[in-house]
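The values are calculated or read from the model by the stated rules, or taken from the named source; none is laboratory data. Remember, predicted model here, so these are calculated numbers, not experimental data. Every residue, glycine among them, receives a Cβ derived from its backbone with ideal geometry; neighbour counts consider all protein chains shown.
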Amino acid sequence: MKKILMISFRFPWPEWRGGFNLRVLRFAKILARNYSLDLLTLIRTKEEKRNVKNLEKEKIFNNVFYFSHSGIKEYENAFFGLFSSLPLQINYYFSKPAVDWLEENYKKYDLLYFNTIRTVQWGKKLKDIPKVIDLIDAVSLNYLEARKWNTFFWRLIYKIEIPRLIRYEREILKSNLFDKIFISSEFDKKYLIQNSKIQIPSSKLVVIPNGVREELLRKNREQEAENKKEENWISFFGKMDTQPNQDAVCFFAKKIFPKVLKIIPNCYFYIIGINPSARVRSLEKIKNVKVTGYVKNPYEILQKSKVIVAPLRFGAGIQNKVLEAMALKKAVVSSPIAVRGILGIENGKHLEVVDITNPGLWAEKVIELLQDFNKRNEIGNQARKFIEENYRWEKIEEKLLSSLKEVFLHQDPVQKRRG
């Protein structure tokens, strides 16, 4: 059985702690069923160090190799990164002990699997071994759009970071460092190709989206069987320490939700997700806004909600929050940015897509769906059907494994010469 080393700049456990963890662990489970899989990762906190044992119990990875990377070290790296030409986040997550270990041990493996742009520098010196990278999304695209909505401090950071990121992403695509480059959405792929200004074989830059867990489809059937009643609830679900999510809920709570309350005064807006910032928690000062923080089973709230919203004003990649809401057969109201990574989705059929610059129209769509059971039900049925046909993990598994098979078929002669 071939051996793969998966490399992560962040400790990817537990799965519910955000989209990055979900994607890394789901892909790891696929790989572990077909290859011998180890993990090299950084850990930032004592909690993560304790959780290494919990990850090991899941038996996804044969071995978990980890190196401490404290917050102090991250900020120190970022400061010195100001004086380099690399993106700040490349320096921020660079760990010499981890890279030294990798350079000493990489020849024990048949393939190295890197996660995100933040690990690229780790593999720059490694020769004569197949390498793939999952960029997940185009980071520069996210930052380009975020500039418009962020604080003066972050606009200064973006002024430094964006040109470096654009240059760095272009170098990754132009180089032969990786045999395959994965990305989560067709939109991000097109952006990267246009930005690189070169012809990139479709076999090298491959779109592999996220899938939706079978448990969510089962949850929906269970709700239907039990005939659970929906409430006049609107929900947003996501990791609440990320800038796109914070901006989205603040915008909705302040600009859209008050308009909804004028028509439906007994309506509530639930903000569900771990690590809500002080900025997000302050939204509870607004009438009928509830910030839950961590919830053991967030899907109970989502299933009772009549409408799920995704009012993102910037972001990149594919939005798990939208896929999961659709899998639960919910009526979703979304900005164009939140759904542009979902190939084949139709406005008005699978969900409602509304221009984020029009809060009045947003409120009208939300009110309409809250009041019209038949329309909610029709959109929800079409949404779940779309997910079942296009975004089940079994489909994702086929694409991931076939891509790696191509790498091994191409590299086997090299491997034999090396051996």
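For segment 151-167, a residue qualifies if it is farther than 17 Å from A78 by Cβ, in a helix (DSSP H, G or I) and not charged (D, E, K, R), and the qualifying residues are F152, I166. Among the candidates K53, K57, K131, which residue alone is farther than 16 Å from R10 by Cβ, basic (K, R), modelled with pLDDT of 95 or more and crowded, with 16+ Cβ neighbours inside 10 Å? So the residue among K53, K57, K131 that is farther than 16 Å from R10 by Cβ, basic (K, R), modelled with pLDDT of 95 or more and crowded, with 16+ Cβ neighbours inside 10 Å is K131. When segment 345-389 is limited to residues that are of a type in the set (G, A, S) and within 13 Å of K329 (Cβ to Cβ), the one that is surrounded by the most Cβ atoms within 10 Å (Cβ to Cβ) turns out to be A383. When we screen I30, I60, I7, I43 for residues that are assigned by TED's automatic domain parsing to the domain that holds P163 and more than 25 Å from K405 (Cα to Cα), the only hit is I43. One residue stands out in segment 156-168 among those that are touching a helix residue (DSSP H, G or I) at 6+ places or on another chain (Cβ under 6 Å) and over 12 Å from L86 (Cβ atoms): the one that is surrounded by the fewest Cβ atoms within 10 Å (Cβ to Cβ), namely Y158.
Out of K125, K190, K148, one residue alone is part of a loop (DSSP other than H, G, I, E, B) and either in contact with a Phe, Trp or Tyr (Cβ under 9 Å, 6 or more places away or on another chain) or farther than 14 Å from I7 by Cα (or both). It is K125. Within segment 216-249, the set of residues being modelled with pLDDT of 80 or more and assigned to a helix (DSSP H, G or I) comprises L216, Q243, P244, N245, Q246, D247, A248, V249. Of everything listed in (1) surrounded by fewer than 21 Cβ atoms within 10 Å (Cβ to Cβ); (2) in contact (Cβ under 8 Å) with a residue 24 or more places away in the chain; (3) among the hydroxyl-bearing types (S, T, Y), the single unmet condition for S335 is (1). Could we say that I181 is of a type outside the set (D, E), under 23 Å from F373 (Cβ atoms) and assigned to a strand (DSSP E or B) here? Judged against the criteria, I181 is not a match.
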